[in-house]
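Here's the structure we're looking at; comments come further down.
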Amino acid sequence: MRIGDCISGDTLALLAEAHVEIGNVYASRMDETNGITPKDGLRDRRKYFVVLGVDDDGTIYGGVVINHAINPNISPKKQHLHHPIPKSKYAFLDDDSFVNCVNLKTLSLEQLLSGEFLGNIQEEDLDIITMLVIQSPFSDSATLERFHVN
């Protein structure tokens with residue numbers, strides 16, 4: 001049974017507001033509605049989601065995902081928008097990885113809370129990640145504003 005099955009939406013929002021912080025990392029199931037392309041015909045993928053902001057209703061979170069590698073098929077402009085984070089610094093990583101700072105992805109409150117909390121991104125990395133997302137030519141200013149990423 002998921003936490004969202006037992007608690008009202010308003011209570012979930014209050015719970016998240018009390019516990020979810022900028023820089024938290026969750027392992028969550030994500031799909032195309034979240035800006036993620038599933039692989040091998042699957043419906044969704046387990047991704048590490050870094051919280052960067054929340055909308056005013058407290059029901060949708062904006063953030064970025066962590067990838068094990070940079071997709072070699074994307075443009076060099078997008079490849080440069082990946083921030084490296086080492087396994088030695090983050091115990092929840094299996095390998096040295098990269099934070100995809102091309103643009104914000106979204107995750108509903110229910111998806112976030114049904115995911116697994118993994119840890120936090122350290123402030124010096126969080127500052128770089130936020131700066132890259134804000135400066136990315138692929139970021140939408142209205143989306144950044146919606147999630148108070150500045």
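The values are calculated or read from the model by the stated rules, or taken from the named source; none is laboratory data. Predicted model only: the values in this text are computed from it and were never measured. Glycine also receives a Cβ, built like all others from the backbone with ideal geometry; neighbour counts cover every protein chain displayed. Accessible surface areas use protein heavy atoms only, side chains included; no ligands, DNA or RNA. Shrake-Rupley method; radii C 1.70, N 1.55, O 1.52, S 1.80 Å.
Some observations on this one:
- Checking each residue in the stretch 108-138 for being modelled with pLDDT under 95 and assigned to a loop (DSSP other than H, G, I, E, B) picks out only GLY115.
- Screening the stretch 122-150 for residues that are without any contact (Cβ under 8 Å) to a residue 24 or more places away in the chain and either farther than 11 Å from GLY62 by Cβ or touching a Gly at 6+ places or on another chain (Cβ under 8 Å) (or both) and picking the one that is most open to solvent (accessible area, probe 1.4 Å) gives ASN150.
- Whichever residue in the stretch 72-118 is aliphatic (A, V, I, L, M) and farther than 18 Å from LEU52 by Cβ and, among such residues, is surrounded by the fewest Cβ atoms within 10 Å (Cβ to Cβ): ALA91
- Residue match in the stretch 68-87 (condition: out of contact with any strand residue (DSSP E or B) (no Cβ under 6 Å at 6 or more places or on another chain), closer than 21 Å to ASN150 by Cα and in contact (Cβ under 8 Å) with a residue 12 or more places away in the chain): no
- Across the stretch 66-79, the number of residues qualifying as over 14 Å from the mean Cα position of the chain (by Cα) and either farther than 25 Å from GLY119 by Cα or not in a loop (DSSP other than H, G, I, E, B) (or both) comes to 8.
- Within the stretch 8-32, tally of residues that are modelled with pLDDT under 55, open to solvent by 90 Å² or more (accessible area, probe 1.4 Å) and of a type outside the set (Asp, Glu): 1
- Subset of the stretch 33-65 [open to solvent by 70 Å² or more (accessible area, probe 1.4 Å), of a type outside the set (Ser, Thr, Tyr) and part of a loop (DSSP other than H, G, I, E, B)]: LYS39, ASP40, GLY41, LEU42, ARG43, ASP56, ASP57
- Conditions (1) touching a helix residue (DSSP H, G or I) at 6+ places or on another chain (Cβ under 6 Å); (2) outside any strand (DSSP E or B): number failed by SER28: (2)
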